[in-house]
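**Student:** Let me begin by handing over the structure; questions about it come next.
Derivation of every value follows stated rules applied to the coordinates shown; laboratory data play no part. Because the structure is a prediction, the values reported are computed rather than measured. No Cβ is skipped: glycine too gets one built from the backbone with ideal geometry, and neighbour counts run over all protein chains shown.
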Amino acid sequence: MRTAVWWIRRDLRLTDNQALTAALKHAERVIPLFVLDPGLLQSRYVGEKRLAFMLGGLRSLATEIAARGGRLIVRSGSPVQAVADVCAACKAEAVYAERDFSPYAVTRDANVAAALSAPLVLTAGVTIRPPDQVRKDDGTPYTVYTPYSRRWRALPPIVRSEILPAPRELCDEPHLPSAPLPVQPSQPKSTPFPSGEGEAKARLSAFIKGENAPIYTYSEQRNRPDLEGTSGLSPYLRFGMISPRLAALAAYTAIENAPNAAARASADTWLSELIWRDFYFAILHHFPHVRRGAFRSEFDAVAWDKDETLYTTWCAGQTGYPFIDAAMRQLIAIGWMHNRARMAVASFLVKDLLIDWRWGERWFMQMLIDGDPAANNGGWQWSAGTGTDAAPYFRIFNPVAQGQKFDPTGAYVRRWVPELRTVPDNFIHEPWRMARSDQLRAGCIIGRDYPAPIVDHAQARARVLAAYKAVKV
Ligand SMILES: Cc1cc2nc3c(=O)[nH]c(=O)nc-3n(C[C@H](O)[C@H](O)[C@H](O)COP(=O)(O)OP(=O)(O)OC[C@H]3O[C@@H](n4cnc5c(N)ncnc54)[C@H](O)[C@@H]3O)c2cc1C
């Protein structure tokens, strides 16, 4: 009986799992292994909410594996040691895993491969299209999204027959010891993002099913943090609780079945977002220096303000700008933030406070349950204007106008910043403009119940432009 190890990393699913399917093709007995790697668990980029989400996903995967006669083997320690130990103990002929692209993962996998006597076979699956599949005619990688997406879309669409079914049966190796999964941290019952493959599939289905499916109004609603107009799938894609290929298939199918042109365009916009995800993986793969510094290295010389107090004020959602504070408090409360809000708070940190985008990137990684080295880095560099693409450094979001445009009734602000709940609509995005009598009537005294703005946007704008211009010259 041939044995293989399925080394699970960020592919916590059974459906459309390319590593698992490849392992099952080559071996009768496949051992599912997850390694609790202290190198990752103790990193300063890790956060409790994401860890709880991942552990919940592992528990539900373990249940699904057990229902098929198998057993999830958990080990704690260095992956080099743990994978080699399990391989030796079950006399595995090969180890299968999905190729990952962060510099940490690349080095880890090279070290594991070097230490193993059996081959480490890396399959696709973390992205829809592997980064090397989408290149320019001359073989060089794209650095701008639009031509990248054009080439991406020119490849054959994802079709149902490509989606790999979940295995019906798995075998166990009863003599193989396994560590228990840590009980803590765990997700609160009230979490808006319950972990697991089943939940991921249900969400995708709710997002795309029927003529009135949210995917068909995505274009008009996706910029509104006060509405639930996006899929909320990012944490599930982050840990592979759903395959990105399955999400792409859903998008293609929705495009095909769209009831009208506007609906079709909406579904197509959603596909574009999935392509952005692939794009940032490709950037990280081809340009790993982005993990440490600016994609365009001249921007590493910006004279950032190293003001820790301003930074912690931003982290805590106490800047005095309601839209920014609502978003930062949403992040603290649920470990997720709407994309429009992410863009606004990132611009605010970098452009209004002149704080190094890497500080914000780190805070997001610590707080987000979907925190992903590629997408997060891409989002921050886009916002800072230091990255790929046309993200000019002189584009600076106005934190008041962003709120007025994308949270027109102030519902998002009122939800996350309760001290502003009774502020009248016309002041909700700039409460400091209320006369003292209005403040008294609203029960919200600026400077006492809610902070005054920590910076003047117009002055901050001039300062950041000068700082960026200095390095451009
Ligand atoms: C500063 C900043 C930091 C970000 N950090 C992360 C992060 O750590 N992890 C993360 O998954 N996304 C990140 N994003 C991208 C985006 O904000 C989230 O993917 C999105 O808000 C998730 O919500 P959703 O699942 O409802 O997305 P939907 O709008 O339903 O989009 C579907 C999927 O497409 C992908 N996607 C959408 N927009 C982007 C994008 N701009 N870049 C890459 N992928 C995208 C996500 O996987 C998402 O789940 C960041 C954006 C910014 C501006």
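**Student:** Along the charge dipole of the range 181-232, Cβ charges K/R +1 and D/E -1, which of Ala200, Gly210, Leu181 sits furthest on the positive end?
**Tutor:** Leu181
**Student:** Can you give the Rg to Rh ratio of the chain, both from alpha-carbon atoms, with Rh computed by the Kirkwood formula?
**Tutor:** On the way: Rg = 23.6 Å, Rh = 23.8 Å.
We get a ratio of 0.99 for the chain.
**Student:** With a 10 Å Cβ neighbour count serving as the proxy for reagent exposure, in which order, fewest first, do Ser102, Ser178, Ser347, Ser219 appear? Walk me through the numbers before you get to the answer.
**Tutor:** On the way: Ser102 20, Ser178 14, Ser347 23, Ser219 17.
With the sparsest Cβ surroundings first, the list reads Ser178, Ser219, Ser102, Ser347.
**Student:** Right, here's the next one. Which one of Val74, Ser117, Ala94 has its Cα pushed farthest toward the positive end of the charge dipole of the range 3-125, where Lys and Arg give +1 and Asp and Glu give -1 at the Cβ?
**Tutor:** Of the options given, the answer is Val74.
**Student:** Further question: Any idea what angle helix 244-257 forms with the longest principal axis of the chain, computed on alpha-carbon atoms, 0 to 90 degrees, nearest 10?
**Tutor:** With both axes taken from Cα atoms, the answer is about 70 degrees.
**Student:** On a 0 to 90 degree scale, rounded to 10, what angle separates helix 357-367 from the longest Cα axis of the chain?
**Tutor:** 60 degrees
**Student:** Additional query: Relative contact order of the chain: what whole-number percent is it, with Cα pairs under 8 angstrom and at least 6 residues apart?
**Tutor:** Details: 801 pairs, mean separation 81.7, N = 473.
RCO, the chain: 17 percent.
**Student:** Report the relative contact order of the range 212-310, percent, no decimals, based on alpha-carbon pairs under 8 angstrom and at least 6 residues apart. Don't jump to the answer; show the numbers that get you there.
**Tutor:** Details: 67 pairs, mean separation 25.0, N = 99.
After rounding, I find 25 percent.
**Student:** Taking Cα atoms, how many degrees apart are the long axis of helix 373-384 and the longest axis of the chain, rounded to 10 and kept between 0 and 90?
**Tutor:** Between helix and principal axis, roughly 20 degrees.
**Student:** Just for the range 3-125, what percent of DSSP beta bridges are antiparallel, to the closest 5? Mind dumping the intermediate values first?
**Tutor:** Values: 0 of 17 bridges.
Bridges in the range 3-125 are about 0 percent antiparallel.
**Student:** Determine the relative contact order of the range 297-468: mean sequence separation of Cα pairs under 8 Å and six or more apart, normalised by residue count, in whole percent. Present the calculation step by step, with values, prior to reporting the outcome.
**Tutor:** Details: 222 pairs, mean separation 47.0, N = 172.
Relative contact order here is 27 percent.
**Student:** Place a +1 charge on the Cβ of each Lys and Arg in the range 297-468 and a -1 charge on the Cβ of each Asp and Glu, then give the dipole magnitude about the Cα centre in debye, rounded to the nearest 20.
**Tutor:** The dipole magnitude comes to about 500 debye.
**Student:** Compute the separation of the alpha-carbon centres of the range 184-222 and the range 307-352 and state it in Å as a whole number.
**Tutor:** Using only Cα atoms, the two centres lie 24 Å from each other.
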